[in-house]
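Asker: Got a structure for you, written out below as structure tokens; questions coming shortly.
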Amino acid sequence: MATILPDTRVVGATPGDPDLSDDARDLYAALTEVLRVAQFRDRDRACCYDVSVTQCYGLKTVVDEGPLTVNDLASALYLDKSTASRLAGALEDKGYVQRSRDPDDGRIVVLEATDAGRTLSARIEADLAAEYAELLQDVGPDVRRGMVELLGRLGRSLARRVEASGGSCCIVRE
């Protein structure tokens, strides 16, 4: 894994690829800008849906992957268990998830989306998809598909570098 040092050299760069350092810095700058704008936009729009950005991610995770335990939710969102438990409690208080006992092991509590939670998650996803369609309307289909592929690969690569078991989310050094 390449590491960017304070003097901006990239350790682990391929000697035959002199542009890697520049590309790594440019990727960092571009991702920083996209994430900053998206996070602030999401935070400011969250009130439109009655959930915080974190609750939105939590609800989507429960809808997409549920039923799951609080530990599973913590791992999926790279949160510690106590934060995930508070998140689940807030979603339960709003009626978007419900807790129940695992039918196979009554000691285990699982989270499952309610109908209201599934409806809200679908509404948020549809609204965001419509917004992204507007943003992409002038981008050709090959570039759009390439963006989706690249971002998916980047997300999977970043996820492999994070240790999320046990509620810890420390960077894994390869």
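The values are calculated or read from the model by the stated rules, or taken from the named source; none is laboratory data. Model, not experiment: these values are computed from the prediction. Because the Cβ atoms are built from the backbone with ideal geometry, glycine has one as well, and the counts that use them run over all protein chains shown. Side chains are part of the model used for accessible areas, which takes the heavy atoms of the whole protein and leaves out ligands, DNA and RNA. Shrake-Rupley method; radii C 1.70, N 1.55, O 1.52, S 1.80 Å.
This table checks each residue for (1) more than 30 Å from Leu120 (Cβ to Cβ); (2) assigned to a strand (DSSP E or B); (3) at pLDDT 90 or above; (4) under 14 Å from the mean Cα position of the chain (by Cα).
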{"residue": "Met1", "(1), (2), (3), (4)": "yes, no, no, no"}
{"residue": "Ala13", "(1), (2), (3), (4)": "yes, no, no, no"}
{"residue": "Ser21", "(1), (2), (3), (4)": "yes, no, no, no"}
{"residue": "Asp42", "(1), (2), (3), (4)": "no, no, no, yes"}
{"residue": "Leu59", "(1), (2), (3), (4)": "no, no, yes, yes"}
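Asker: Do we have any residue at all in the stretch 109-124 that's open to solvent by 40 Å² or more (accessible area, probe 1.4 Å) and under 17 Å from the mean Cα position of the chain (by Cα)? Let's see the steps before the verdict.
Answerer: Going residue by residue through the stretch 109-124, those that are open to solvent by 40 Å² or more (accessible area, probe 1.4 Å) are 109, 112, 115-116, 118-119, 122-123.
Subset that is under 17 Å from the mean Cα position of the chain (by Cα): 122.
Looking for residues that are open to solvent by 40 Å² or more (accessible area, probe 1.4 Å) and under 17 Å from the mean Cα position of the chain (by Cα), one finds at least one in the stretch 109-124, hence yes.
Asker: Give me the pairs, please: first residue somewhere in the stretch 155-168 and under 16 Å from Leu73 (Cβ atoms) and of a type in the set (Lys, Arg), second residue anywhere and surrounded by fewer than 11 Cβ atoms within 10 Å (Cβ to Cβ) and at pLDDT 85 or above, beta-carbon distance under 8 Å, and either six or more positions apart or on two chains.
Answerer: Qualifying pairs under 8 Å: none.
Asker: Let me ask something else about it. Which one of these is of a type in the set (Lys, Arg), at pLDDT below 90 and in a loop (DSSP other than H, G, I, E, B): Arg36, Arg107? Steps first, answer last, please.
Answerer: Working: Arg36 fails: in a loop (DSSP other than H, G, I, E, B).
Just a single option satisfies the conditions, and that option is Arg107.
Asker: Mind listing just one residue for me: the one in the stretch 49-98 that is among the polar types (S, T, N, Q) and farther than 11 Å from Glu112 by Cα and, of those, surrounded by the fewest Cβ atoms within 10 Å (Cβ to Cβ)?
Answerer: Just the residues of the stretch 49-98 that are among the polar types (S, T, N, Q), to begin with: 52, 54-55, 61, 69, 71, 75, 82-83, 85, 98.
Those left that are additionally farther than 11 Å from Glu112 by Cα: 52, 54-55, 71, 75, 82-83, 85.
Working: Ser52: 15, Thr54: 19, Gln55: 20, Asn71: 15, Ser75: 22, Ser82: 11, Thr83: 17, Ser85: 17.
Only one residue fits best here, namely Ser82.
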